[in-house]
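Trainee: After the C-alpha cells below, expect a handful of questions from me.
What follows draws every value from the coordinates through simple rules; no lab data is involved. Since the model is a prediction, treat every value here as computed from it, not as a measurement. Please note: Cβ atoms are built from the backbone with ideal geometry, for glycine as well, and neighbour counts cover all protein chains shown.
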Amino acid sequence: MNIAQLQQDLKDYANEIGIDKIGFTTAAPFLELKNRLKRQQELKFQSGFEESDVEKRTTPTLLLERAESIISIAVAYPSKMTDAPKGKKGERRGMFCRASWGTDYHTVLREKLRLLEAFLHEHLPEVKTRSMVDTGELADRAVAERAGIGWSAKNCSIITPEFGSYVYLGEMITNLPFEPDVPLEDQCGDCTLCLDACPTGALIQGGQLNAQRCIAFLTQTKQPIPEEFRKEVGNRIYGCDTCQTVCPKNKRKYNLDQESFIPEPELVKPLLQPILKLSNRQFKETFGHMSGSWRGKNPIQRNAILALAHFKEVAAIPDIELLLHTDPRPMIRQTCAWALGEIGTEESRNALERALEKEADEAVLNEIKKTVTKMTATQ
C-alpha cells in the first residue's frame with residue numbers, strides 16, 4: 001500500500017475520532033533528551049513516577065523491534081469551567097487541576113490510540129505497533145516536540161498554537177516509514193512569567209524542573225509534605241496549574257470541545273470537610289473516574305487538611321482533631337497537628353495538648369510539640 005496515502009488517511013481518521021492534533025517523527029534515538037535526563041537524575045530532580053531506565057526512555061527501537069516511526073497525538077482539555085461553585089466560611093472548597101477534569105485522560109487517549117492501531121491493522125495486517133500514554137517509557141513531550149505538535153516551553157509543557165499547553169499527549173511506535181513532520185520553532189521568546197510565578201521555585205530555568213519542589217508532584221506524594229511547601233499548596237488538592245494559567249500563549253484557550261473532559265463542578269472544586277470522612281470505597285465511587293484519584297485517597301485527604309489550614313477554617317477544627325486522635329495514618333495525624341497550629345485558635349491549641357497525652361508516633365509527636373511551642377511563642 002502507498003505509505004503516503006495511508007498517512008493521509010490516518011490523519012483524516014484521527015480527526016474523525018476526536019484527536020485534535022497528530023504528528024509524525026522518526027524512531028531515531030532522542031540523544032539530546034538522554035543527556036538531559038541523565039543530568040536530572042544526577043541532580044535528583046526526577047519525580048520517581050517516570051521510567052528510570054534512560055535508554056528505554058530515549059531509544060524507541062528498544063521498545064519495538066524494527067521501529068521506523070512514531071505517531072504523536074494531542075487531545076485538548078478545557079481550561080475554563082462554567083458555573084464553578086464558590087467556597088465560603090464554613091464551606092471551604094479545594095481544587096483539582098485542569099488535567100484531572102472529567103474522565104481520566106489515560107482511558108480516553110488509550111482508546112483513541114487503540115482505534116488508530118485497529119485502523120492501521122485493517123489496512124496493513126502485518127503492521128507492528130506499540131502505544132503508550134504518560135506512563136509509558138518514552139517521554140511524551142520529547143516525541144510531541146519532534147513530531148511538530150508544539151514546542152517545548154519554559155514551563156516544561158508542550159505548547160500548541162491552537163490549544164496552548166492544555167493538551168494531553170500520547171504516542172504510537174510503528175514499523176512503518178511515515179514521513180516525519182517538521183518541529184515548530186520555540187515561541188516563548190524572552191518571557192519568564194512561568195518561572196517568576198512558580199510558587200516553590202520548582203522551575204529552575206527555562207525547560208528545567210526540579211520535580212521534588214513542584215506542587216503538582218508534592219500533592220501526589222504519600223508522605224507528609226515538607227513544611228517549607230505546605231503553605232504554598234494553598235487549596236490545591238491535586239496538581240497545580242500556575243505555570244500554565246500565567247502563560248500568555250494560553251490566553252483565551254478554553255478548549256471546551258472534548259465532552260469527556262468537561263468538568264463536574266462539585267467534583268473538581270469539592271467541599272473540603274466531607275473529603276476527610278471518605279472511606280476508600282466512597283472515595284473510589286466519587287473520584288475514581290478522574291485521573292487525580294490514581295494515588296488513592298490518602299494524599300487527597302492530606303491535601304484537604306492543608307487547604308483547610310490555608311483558609312484557617314475554624315469550623316473544621318472538630319473534624320481535624322478527630323483525625324488527630326483516631327486516624328491510624330501517621331502522615332494524616334502529622335498534617336492535622338500542623339493544620340491546627342495554622343488555624344491558631346485556643347480551641348485548636350487545646351486539641352493539640354490533648355493529643356500530646358496519647359500520641360506514640362515519634363514524628364507526629366515532634367510535630368505536635370513543635371506546633372505547640374510555636375503557638376506559645378506567638379501568643
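Trainee: If each DSSP helix of 4+ residues adds -39,500 (n - 2.57) and the sum is divided by the residues in the chain, what number results at 222 nm, nearest 500 deg cm²/dmol? It would help to have the intermediate numbers written out before the result.
Mentor: On the way: 17 runs with 161 residues, N = 379.
Value at 222 nm, helices only: -12000 deg cm²/dmol.
Trainee: In the chain, once you exclude exposed trypsin sites (Lys or Arg not before Pro) (DSSP loop, at most 12 other Cβ within 10 angstrom), what's the longest stretch remaining?
Mentor: Details: sites that count: LYS44, ARG66, LYS86, LYS89, LYS222, LYS251, ARG252, LYS277, LYS358.
Longest gap between qualifying sites, sites excluded: 90-221.
Trainee: Report the rotationally averaged projected area of segment 193-378 based on its alpha-carbon convex hull, in square nanometres.
Mentor: 12.0 nm²
Trainee: What is the distance in Å between the Cα centroid of segment 318-345 and that of segment 214-229?
Mentor: Here the two parts' Cα centres lie 17 Å apart.
Trainee: Further question on the same structure: Tell me, what ³J(HN,Hα) does each residue in segment 164-179 have, in order and in whole Hz, if you take phi through Karplus 6.51 cos²θ - 1.76 cosθ + 1.60 with θ = phi - 60° and put x for Gly and Pro?
Mentor: These are the phi-based 3J(HN,Hα) values: x, 8, 7, 9, 8, 10, x, 8, 9, 7, 9, 9, 9, x, 5, 6 Hz.
Trainee: Separate question: Determine the alpha carbon to alpha carbon distance for each of LYS222/LYS312; LYS86/LYS312; LYS89/LYS269; LYS80/LYS284 and list only those over 19 Å.
Mentor: Values: LYS222/LYS312 23 Å; LYS86/LYS312 17 Å; LYS89/LYS269 15 Å; LYS80/LYS284 25 Å.
Beyond 19 Å between Cα atoms: LYS222/LYS312; LYS80/LYS284.
Trainee: Here's another thing I want to ask about it. For segment 74-87, take each phi angle, set θ = phi - 60°, evaluate the Karplus expression 6.51 cos²θ - 1.76 cosθ + 1.60, and give the result in whole Hz per residue in order, putting x for glycine and proline.
Mentor: Calculated HN-Hα couplings, in order: 9, 10, 7, 10, x, 10, 10, 10, 8, 6, 5, x, 9, x Hz.
Trainee: Can you give the FRET efficiency to the nearest 0.05 for ALA4 and SER47, using r as the Cβ-Cβ distance and R₀ = 35 Å? Intermediate results must be reported in sequence, preceding the final value.
Mentor: Values: r = 40 Å, r/R0 = 1.14.
Efficiency at R0 = 35 Å is approximately 0.30.
Trainee: Sticking with this one: Mind listing the phi-derived Karplus ³J(HN,Hα) values for segment 206-213, rounded to whole Hz, using 6.51, -1.76 and 1.60 with θ = phi - 60°, and x for any glycine or proline?
Mentor: Once rounded to whole Hz, the list reads x, x, 10, 10, 8, 4, 5, 9.
Trainee: Please compute one quarter of the surface area of the Cα convex hull for segment 1-68 and express it in square nanometres. Mind dumping the intermediate values first?
Mentor: Details: hull surface 26.0 nm².
Its Cα hull, projected and averaged over all orientations, spans 6.5 nm².
Trainee: Kindly work out what percent of the DSSP beta bridges joining two residues of the chain are antiparallel, to the nearest 5. Mind showing how you got there, number by number?
Mentor: Numbers: 25 of 27 bridges.
Around 95 percent of the beta bridges assigned by DSSP in the chain are antiparallel ones.
Trainee: Under a 5 Å amide H to amide H cut-off, with H placed in plane at 1.01 Å, what residues pair with TRP151 once short-range neighbours are removed?
Mentor: Amide H to amide H, under 5 Å and 5 or more residues apart or across chains, TRP151 pairs with ILE159.
Trainee: Hey, what's the Cα Rg ratio for the chain versus the globular rule of thumb, 2.2 N^0.38 Å?
Mentor: Working: Rg = 23.1 Å, N = 379, 2.2 N^0.38 = 21.0 Å.
That ratio works out to 1.10.
Trainee: Let me ask something else. Using a cut-off of 9 Å between beta-carbons, work out the net charge of the residues near VAL75 (Lys and Arg +1, Asp and Glu -1, VAL75 not included).
Mentor: Working: positive: LYS21, LYS112; negative: ASP20.
Computed value for this residue: +1.
Trainee: Using modelled backbone amide H atoms (1.01 Å from N, in-plane), which distant-in-sequence or interchain residues come within less than 5 Å of LEU63's amide H?
Mentor: Long-range HN contacts for LEU63: none found.
Trainee: Moving on. Only Cα pairs within less than 10 Å get springs; with that Gaussian network setup on the chain, which residue of ASP53, ASP361, ASP190 has the largest fluctuation?
Mentor: Result for the chain, Cα springs under 10 Å: ASP190 fluctuates most.
Trainee: What is the Cα centroid distance between segment 23-50 and segment 100-126, reported in whole angstrom?
Mentor: 25 Å
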